[in-house]
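Below: the structure, in structure tokens.
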Amino acid sequence: MRQADDSPKTNKRLTNLASIAFDKKRFDCYHMRMFKGLLEGLLELISPRTCASCKKRIDAQASIEGLVCLECWDKIKRNTPPFCHCCGRHLDRKKTTSNICPACQRAPSYFDRALSPCVYEGALKTLIHEFKYKNKDYLGPALARLLIDFVKEYDIPMDVFDMVVPMPLSAARLREREFNQSEILSECLAKEFHKTSCQALRRMRYSRPQAELKMEERISNVKADFSAQDNTDLKGKNIILVDDVLTTTATSSEAAKTLKSAGANIVFVLTLAN
Ligand SMILES: [Zn+2]
Ligand SMILES: [Zn+2]
């Protein structure tokens with residue numbers, strides 16, 4: 001495995017992603033989405049596509065899946081090593097010689113390691129917002145490419161992991177949003193690496209979105225928020241927990257704690273951005 005904290009190496013594969021014409025077949029996550037894709041195509045005839053980030057009209061041939069213009073895609077800021085061995089954010093070597101960033105030293109997490117290909121800002125922040133809050137579930141497979149390419153770039157040993165688990169939404173939140181964005185990402189990742197995406201966690205209550213809260217409130221907001229599903233055997237399992245954004249480590253840490261209480265062995269957290 002390539003060490004994620006190796007000296008910086010160009011993340012050419014990630015930046016080159018923009019010029020790759022994606023294989024459509026890889027994105028057929030569900031039949032429903034295929035059907036939706038057909039409808040999208042019909043809509044395209046009626047009203048031409050605009051970029052999901054900058055809203056400018058785009059050429060389907062020079063875009064990511066006809067959804068995001070190449071200019072916006074190239075602007076997505078990638079995380080570069082060295083990474084904090086806990087939260088996965090870039091470690092500023094001028095500020096610390098430790099492999100753990102000061103924030104993680106103050107608040108240790110229950111997961112073994114978190115990793116994110118990108119920084120939560122700019123075009124990606126807009127795309128994730130559109131994906132989650134504007135009901136654009138069709139953006140999921142394109143965004144999942146960021147996770148898939150990151151796993152390949154850093155040789156994250158997928159053979160070690162038994163299953164991919166999406167960060168759950170509460171029932172109330174799921175009713176409101178109609179889909180779980182993390183589940184779409186989790187399914188795309190699992191499919192690519194021939195794993196099972198398993199809804200092993202349940203979210204107990206409707207909590208206020210973390211983004212609306214202050215740091216101290218965020219930590220208390222997620223306490224005792226999760227439970228493990230009875231029908232999933234987690235004993236000794238190595239798990240990749242997938243979410244869209246690692247805002248703080250509090251939510252992922254609580255979810256990892258629940259998985260480990262149910263017997264899980266290693267829990268890695270993989271998010272689009274941090
Ligand atoms: Zn754009
Ligand atoms: Zn950290």
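The values are calculated or read from the model by the stated rules, or taken from the named source; none is laboratory data. On a predicted model such as this, the values are computed, not experimentally measured, just so you know. Methodologically, a virtual Cβ is constructed for each residue, glycine included, from the backbone with ideal geometry; neighbour enumeration extends over all protein chains shown.
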- Task: Identify the single condition in (1) more than 16 Å from ligand 2 (Cβ to nearest atom); (2) at pLDDT 95 or above; (3) within 22 Å of residue 88 (Cα to Cα) that residue 253 does not satisfy, given that it satisfies every other one.
- Result: (1)
- In the range 91-111, residue nearest to the chain's Cα centre (by Cα) [restricted to those that are buried (at least 19 other Cβ atoms within 10 Å of the Cβ) and not aromatic (Phe, Trp, Tyr)]: 109
- Task: Considering only the range 53-85, state which residues are over 19 Å from residue 147 (Cβ atoms) and outside any helix (DSSP H, G or I).
- Result: 54, 55, 56, 57, 58, 59, 63, 66, 69, 82, 85
- Residue set 110, 120, 133; condition modelled with pLDDT under 95 and out of contact with any Pro (no Cβ under 9 Å at 6 or more places or on another chain); output residue 133
- Report whether or not residue 107 is within 27 Å of residue 174 (Cα to Cα) and small (Gly, Ala, Ser). no
- Message: Out of the residues in the range 86-95 meeting the condition of being in a loop (DSSP other than H, G, I, E, B) and within 10 Å of ligand 2 (Cβ to nearest atom), tell me which one is farthest from residue 271 (Cα to Cα).
- Response: 91
- Could we say that residue 125 is within 16 Å of ligand 1 (Cβ to nearest atom) and over 15 Å from the mean Cα position of the chain (by Cα) here? no
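The rows are residues; the columns are (1) within 16 Å of ligand 2 (Cβ to nearest atom); (2) at pLDDT 90 or above; (3) more than 13 Å from residue 142 (Cβ to Cβ); (4) over 18 Å from the mean Cα position of the chain (by Cα).
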| residue | (1), (2), (3), (4) |
| --- | --- |
| 44 | no, no, yes, yes |
| 48 | no, no, yes, yes |
| 56 | no, yes, yes, yes |
| 61 | no, no, yes, yes |
| 72 | no, yes, no, yes |
| 79 | yes, yes, yes, no |
| 84 | yes, yes, yes, no |
- Of the residues 115, 91, 67, which single one is of a type in the set (A, V, I, L, M) and in the same structural domain as residue 185 (by TED's automatic domain parsing)? 115
- Message: Can you tell me which residue is modelled with the highest pLDDT among those in the range 186-220 that are over 17 Å from residue 239 (Cβ atoms) and part of a loop (DSSP other than H, G, I, E, B)?
- Response: 204
- Query: Looking at the range 67-84, which of its residues are touching a residue at least 24 places away in the same chain (Cβ under 8 Å) and touching a helix residue (DSSP H, G or I) at 6+ places or on another chain (Cβ under 8 Å)?
  - Reply: 67, 68, 70, 72, 73, 74, 75, 76, 77, 78
- Item | Residue ranges of helices (runs of 4 or more DSSP H) in the range 107-183 with at least 1 members free of Cβ contacts under 8 Å to residues at least 40 places away in the same chain | 122-133, 171-177
